[in-house]
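Novice: After the structure tokens below, expect a handful of questions from me.
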Amino acid sequence: MATLTTAANGKRWATKYPEIGTGPVPTEPYISSDYFQRERERLFRRAWLYVGRVEDVAQAGDYFVKEIEVCDASILVVRGRDGVVRGFHNICTHRCNKLVWDPCGTSRSFSCRFHGWTFKPDGRLTGVPDEGQFYDLKKSELGLRPVPLDSWKGFIFVNLDQNPKESLAEYLGQLKNELIGQYPFDRPTDCWSWKVDLQCNWKVTLDAFSEAYHAPFVHRQTVKSVVTDRGNPLAHPLAIRIYGRHYMYSIPGNPYHKPGPIAQLAYRYAPLMTRFRDVEIMKRLPPGVNPTGSDKWGFDTYHIFPNILVSMFGEWWHIHHFQPLGVDRTRWELRVFFPKAENAGQRFTQEYTKCLLQDNMLEDLSTVEGSQRGMASRVVTHFTLQDQEILIRHNQKIVEEFVNAQ
Ligand code: FES
Ligand SMILES: [Fe+2]
């Protein structure tokens, strides 16, 4: 197997994106505490960061709290009575206690546990017990501290720079005009998620999902035969496209894949849910996927810099969120969105897909801590990357630009 080779794509990505280069890539940015400190200050405190979906705050008073550990920030996202979704630092303006402790909920106001100061969903301070004992208390100046917040296609982002250098639209750039913008993210879904803390740098986890070179090896027990076929045994992507700091890749599917008996059942109940498709099913794919129009399409993944990947598999989709906790610690969270099941058969297909996905993700994550330990030994100081791993180079180049910016 190790001698497998294919010319399915030639070496076309470095030719298409010569500015990314072909040389060795240093591992120091994955293990250096100094580098992580600079990422913290110059990248995560300046970039637009995904925190959740608009469906998470569908009604007035709905809220959620997002901890952004890398910036020592706790962010409260809440929809006001006026329908506007706002972001605030989740900090009481009295003596800085954490204001909201529940991860999500619905409330008409937020009262601090410490001394009972009360704030409205629009941030106003409205209640101060024993108010007469204060000196020159200006309640109008003691509202919750706002955080710049904006959304695109239902993805909510915040910026921890009070005066972001770019709007969210400018930050997304060309990405917002691409095919992903047509995908029906706003359809009602059944959503569930997994969260795991890993002993590795956040970029190790991002890299693990930024190439398909590993598919025939890491996924030999699960989806190898779903994404490879005899003409493309190493799962060369159908497309890799770079949009400034963001990117996408389109992974092939194998129409000749022979599903097992349970997979066949799942396919019968919800054909657009499953990863193997025939020509007729391919015609019913939702808009926004399969940029090359291939009849051997599997799924598409978009990277929104710095730390989410959005993957669309026909009717269902998911978000990977790689949240740095330390130079060698990362919280990986996967949120999966299925179309609302309309019958027991479709529900069965969801459960089948969950199981397959869980196995698949366990395989992907099985490599990351070993890679981190290997890098930490500083025996091998550079990655030697092939053409199909170009997005790993790209990631590091963009991180480097942020880290070196003044
Ligand atoms: S710290 Fe919140 S009311 Fe005192
Ligand atoms: Fe994988």
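The values are calculated or read from the model by the stated rules, or taken from the named source; none is laboratory data. None of these values were measured; they are calculated from a predicted model. In this analysis, Cβ positions are derived from the backbone assuming ideal geometry, glycine residues included, and neighbour counts consider all displayed protein chains. SASA here: full protein model, heavy atoms, side chains in, ligands and nucleic acids out. Shrake-Rupley method; radii C 1.70, N 1.55, O 1.52, S 1.80 Å.
Novice: Conditions first: (1) within 14 Å of Val227 (Cα to Cα); (2) open to solvent by 40 Å² or more (accessible area, probe 1.4 Å). Thr292 passes all but one, so which condition is the exception?
Specialist: Unmet for Thr292, out of (1) within 14 Å of Val227 (Cα to Cα); (2) open to solvent by 40 Å² or more (accessible area, probe 1.4 Å): (1).
Novice: Right, next: Filtering the stretch 241-262 down to residues that are small (Gly, Ala, Ser) and touching a helix residue (DSSP H, G or I) at 6+ places or on another chain (Cβ under 7 Å), which residue is surrounded by the fewest Cβ atoms within 10 Å (Cβ to Cβ)?
Specialist: Gly244
Novice: Here's a follow-up. Identify the single condition in (1) surrounded by fewer than 19 Cβ atoms within 10 Å (Cβ to Cβ); (2) in contact with an Asp or Glu (Cβ under 9 Å, 6 or more places away or on another chain); (3) not basic (Lys, Arg) that Leu265 does not satisfy, given that it satisfies every other one.
Specialist: (2)
Novice: For the stretch 105-138: of the residues being part of a loop (DSSP other than H, G, I, E, B), charged (D, E, K, R) and over 16 Å from Val77 (Cα atoms), which is nearest to ligand 2 (Cβ to nearest atom)?
Specialist: The extreme case among them is Arg113.
Novice: Checking the structure you have, find out if any residue of the stretch 253-270 is closer than 30 Å to Ala47 by Cβ and touching a strand residue (DSSP E or B) at 6+ places or on another chain (Cβ under 7 Å).
Specialist: no
Novice: Test of understanding: among Leu334, Leu309, Leu362, which residue is within 16 Å of ligand 2 (Cβ to nearest atom), at pLDDT 95 or above, among the hydrophobic types (A, V, I, L, M, F, W, C) and open to solvent by 50 Å² or more (accessible area, probe 1.4 Å)?
Specialist: Of the residues listed, the single one that is within 16 Å of ligand 2 (Cβ to nearest atom), at pLDDT 95 or above, among the hydrophobic types (A, V, I, L, M, F, W, C) and open to solvent by 50 Å² or more (accessible area, probe 1.4 Å) is Leu362.
Novice: Going residue by residue through the stretch 338-350, is there one that turns out to be under 26 Å from Pro252 (Cβ atoms), touching a residue at least 24 places away in the same chain (Cβ under 8 Å), of a type outside the set (Gly, Ala, Ser) and part of a strand (DSSP E or B)?
Specialist: Checking the stretch 338-350: at least one residue is under 26 Å from Pro252 (Cβ atoms), touching a residue at least 24 places away in the same chain (Cβ under 8 Å), of a type outside the set (Gly, Ala, Ser) and part of a strand (DSSP E or B).
Novice: So His246 ticks every box in (1) under 30 Å from Tyr256 (Cα atoms); (2) away from ligand 2 (no atom under 16 Å from the Cβ) but one. Which box is left unticked?
Specialist: In the conditions (1) under 30 Å from Tyr256 (Cα atoms); (2) away from ligand 2 (no atom under 16 Å from the Cβ), His246 misses (1) alone.
Novice: Filtering the stretch 252-288 down to residues that are within 19 Å of Phe337 (Cα to Cα) and hydrophobic (A, V, I, L, M, F, W, C), which residue is modelled with the highest pLDDT? Let's see the steps before the verdict.
Specialist: Let us first name the residues in the stretch 252-288 that are within 19 Å of Phe337 (Cα to Cα), namely 266-267, 269-276, 284-288.
Then drop every residue that is not hydrophobic (A, V, I, L, M, F, W, C), which leaves 266, 270, 272-273, 276, 285.
Values: Ala266: 87, Ala270: 85, Leu272: 78, Met273: 77, Phe276: 69, Leu285: 91.
Applying the filter and picking the extreme gives Leu285.
Novice: Same structure again: Where the second residue is near ligand 1 (Cβ under 8 Å from one of its atoms) and the first is of a type in the set (A, V, I, L, M) and lies in the stretch 94-114, which pairs have Cβ atoms under 7 Å and are six or more apart or on separate chains?
Specialist: Matching pairs, first to second residue: Leu99/Cys92; Leu99/Cys112.
Novice: Since Phe217 meets every condition but one in (1) open to solvent by 20 Å² or more (accessible area, probe 1.4 Å); (2) assigned to a loop (DSSP other than H, G, I, E, B); (3) modelled with pLDDT of 90 or more; (4) more than 21 Å from Trp316 (Cα to Cα), which condition does it not meet?
Specialist: Every condition holds for Phe217 apart from (2).
Novice: Could you grab me the full set of residues in the stretch 123-156 that are in contact with a Lys or Arg (Cβ under 9 Å, 6 or more places away or on another chain), charged (D, E, K, R) and open to solvent by 60 Å² or more (accessible area, probe 1.4 Å)?
Specialist: Arg124, Glu131, Lys153, listed by residue number.
Novice: Counting just the residues of the stretch 195-228 that are farther than 21 Å from Pro255 by Cα and of a type in the set (Gly, Ala, Ser), which one comes out nearest to ligand 2 (Cβ to nearest atom)?
Specialist: Here the residue is Ala208.
Novice: Could you tell me whether the stretch 327-336 includes any residue that is closer than 28 Å to Lys397 by Cα and out of contact with any strand residue (DSSP E or B) (no Cβ under 7 Å at 6 or more places or on another chain)?
Specialist: Within the stretch 327-336 (the criterion being closer than 28 Å to Lys397 by Cα and out of contact with any strand residue (DSSP E or B) (no Cβ under 7 Å at 6 or more places or on another chain)), the answer is yes, since at least one residue qualifies.
Novice: Conditions: (1) touching a residue at least 24 places away in the same chain (Cβ under 8 Å); (2) under 29 Å from Glu67 (Cβ atoms). Ser311 meets all but one. Number of the miss?
Specialist: With respect to (1) touching a residue at least 24 places away in the same chain (Cβ under 8 Å); (2) under 29 Å from Glu67 (Cβ atoms), Ser311 is out only on (1).
Novice: I would also like to ask the following. Please enumerate the residues belonging to the stretch 370-395 that are in a helix (DSSP H, G or I) and over 15 Å from Phe209 (Cβ atoms). Explain how you work it out, then say what you get.
Specialist: In the first step, residues of the stretch 370-395 are kept if they are in a helix (DSSP H, G or I); the result is 370-376, 387-395.
Listed by number, the residues that qualify are Gly370, Gln372, Arg373, Gly374, Met375, Ala376, Asp387, Arg393.
Let's see how each residue does on (1) more than 16 Å from ligand 1 (Cβ to nearest atom); (2) of a type outside the set (Phe, Trp, Tyr); (3) without any contact (Cβ under 8 Å) to a residue 24 or more places away in the chain:
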{"residue": "Arg145", "(1), (2), (3)": "no, yes, no"}
{"residue": "Asp150", "(1), (2), (3)": "yes, yes, no"}
{"residue": "Lys153", "(1), (2), (3)": "yes, yes, no"}
{"residue": "Val158", "(1), (2), (3)": "yes, yes, no"}
{"residue": "Gln162", "(1), (2), (3)": "yes, yes, yes"}
{"residue": "Leu172", "(1), (2), (3)": "yes, yes, no"}
{"residue": "Asp186", "(1), (2), (3)": "yes, yes, no"}
{"residue": "Gln199", "(1), (2), (3)": "yes, yes, no"}
{"residue": "Lys203", "(1), (2), (3)": "yes, yes, no"}
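Novice: With respect to Trp192, determine if the residue is more than 16 Å from ligand 2 (Cβ to nearest atom), open to solvent by less than 20 Å² (accessible area, probe 1.4 Å) and within 20 Å of the chain's Cα centre (by Cα). Before the answer, list the steps.
Specialist: Numbers: more than 16 Å from ligand 2 (Cβ to nearest atom): yes; open to solvent by less than 20 Å² (accessible area, probe 1.4 Å): no; within 20 Å of the chain's Cα centre (by Cα): yes.
Taking the combined requirement at face value, the residue does not satisfy it.
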